[in-house]
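Throughout, read-outs are computed from the coordinates displayed, never taken from laboratory work. Just so you know, these numbers come straight off a predicted model, no measurement behind them. Cβ: placed from backbone, ideal geometry, glycine included. Neighbour counts: every protein chain shown.
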C-alpha cells in the first residue's frame, strides 16, 4: 500500500523535530510487546529523553512507518532522521558501542566500581540466587538513574564484582554510574524492597515556597520559572514572569548549563513535580518545585491572581 502524502509529512515532521524517535507498541512506561520493551530498556541506558509513538493508537502511522522506512516490523528506532532498526539491532549496537557513536556520546571506560551492600540485602540476594539455579544478579543503572536489580540467565558480562560473596553483573554504562553506590534492604507499608543510595545521581527536586519565589522574582537576577499547566489554565490565572511549558521552553532549558536554577509550578504542585523529575533525569542538578503551586501564590502572595 502506497504511503499517502499526509502520513509521510506527519512522520517527517516527527523525525525533523526530534533527534531520537521510537515507533513502538505501547508506551515507554507500559510497552505492549516484548520487543518494544527490550528496545526501550536498551535505549534508556543511554538516553533519558526521547519521543515514543504508540502505533497501537495510531493505525495509520503503524502502517505508514513500515512503508516509510521499508522495514516490516515494529519497533523501529530513528536517530537524526535515519532508520536504525528494531530490537535486535539496537541491542547489538549498544553492546558494540555503535549506538553511542550514532548518538554522539562517548563510550565509558570499563571500570570496577566500589559498591556497598548491607547485610540484610546480602542475605536476600543470596536466598534469591539459591532458589533460582543457573541465574545471576544483574544491576543496571540507566540514563534516567533508575536502578534495576534483577535475576537473569548467567552470561558473560562486561563488569563483574563480588561483594561479600554476591556477584553483581553490569554493563560498562552501569558500572560507570555505580561507584560509591549503597544497596540496602528496607521495610515499608508495601513490603520489603531494595533501596539505592547513589552519590553520582543528580540531586532530588527541591521544594520552594511562594515567599522565596517572590523574593527571586523581585530581585535582579534572571529567573527561569516554567508553568506546567495547560494554556486554558494559564488564560484563567498566571504568575508574571512564568513561561508556558512548550517546545520553546524545552529549547531554552537545553541551551542552559546543567546547574542553572530551574523553577516549576502548576496548580497545586503535582504536575510541576513530575515535570521537574523529568528534567532531573536529563541531568539537571538545580531544580525546584513550587510548593502549593499557583493556588498558594494566590492565597499567600497575590490575591489578585484568580483561584480556580
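The tail of the calculated P(r) for segment 206-300, taken as Cα-Cα distances beyond 24 Å, holds 12 percent of the pairs. Among beta bridges from DSSP that stay inside the chain, the antiparallel ones total about 55%. Averaging the sequence gap over all C-alpha pairs within less than 8 Å and six or more residues apart, then dividing by the number of residues, gives the chain a relative contact order of 13 percent.
In this structure, residue 209 and residue 278 have a Cβ-Cβ separation that, at R0 = 22 Å, corresponds to a calculated FRET efficiency of about 0.50.
Across 158, 190, 260, mean-square fluctuation computed from a Gaussian network of the chain (C-alpha pairs under 10 Å connected) peaks at 190.
Secondary structure note: in segment 115-197, about 80% of the DSSP beta bridges are antiparallel. Using the Cβ-Cβ distance between residue 130 and residue 179 with R0 set to 30 Å, the FRET efficiency works out to roughly 0.60. As a calculated quantity, the FRET efficiency between residue 260 and residue 70 at R0 = 45 Å, using C-beta atoms, amounts to about 0.60. In whole percents, the pair-distance distribution calculated for the chain from its alpha-carbon pairs, binned every 20 Å from zero, is 27, 51, 22, 0. Working note: 222 nm ellipticity from helices only, DSSP H runs with n ≥ 4, each -39,500 (n - 2.57), summed and divided by the residues of the chain, gives -10500 deg cm²/dmol to the nearest 500.
Report the residues of segment 205-229 in range of a label on residue 308: point 7 Å along Cα→C-beta, backbone N strictly under 18 Å from it. Counting backbone N atoms under 18 Å from the label point, the list is 226-229.
Projecting label points 7 angstrom from Cα along Cα→Cβ for residue 190 and residue 240 puts them 4.3 nm apart.
Projecting label points 7 angstrom from Cα along Cα→Cβ for residue 49 and residue 114 puts them 3.4 nm apart. Its Cα gyration tensor gives segment 31-177 an equivalent ellipsoid, and the semi-axes of that ellipsoid, as √(5λ) in whole Å with the largest first, are 33, 18, 12. The modelled label-to-label distance between residue 122 and residue 57, using points 7 Å beyond Cα along the C-beta direction, is 4.7 nm. Counting only DSSP beta bridges with both residues in segment 5-103, the antiparallel share comes to about 65 percent.
For a paramagnetic label modelled on residue 102 (point 7 Å from Cα along Cα→Cβ), amide N atoms under 14 Å away belong, within segment 8-33, to 19-23.
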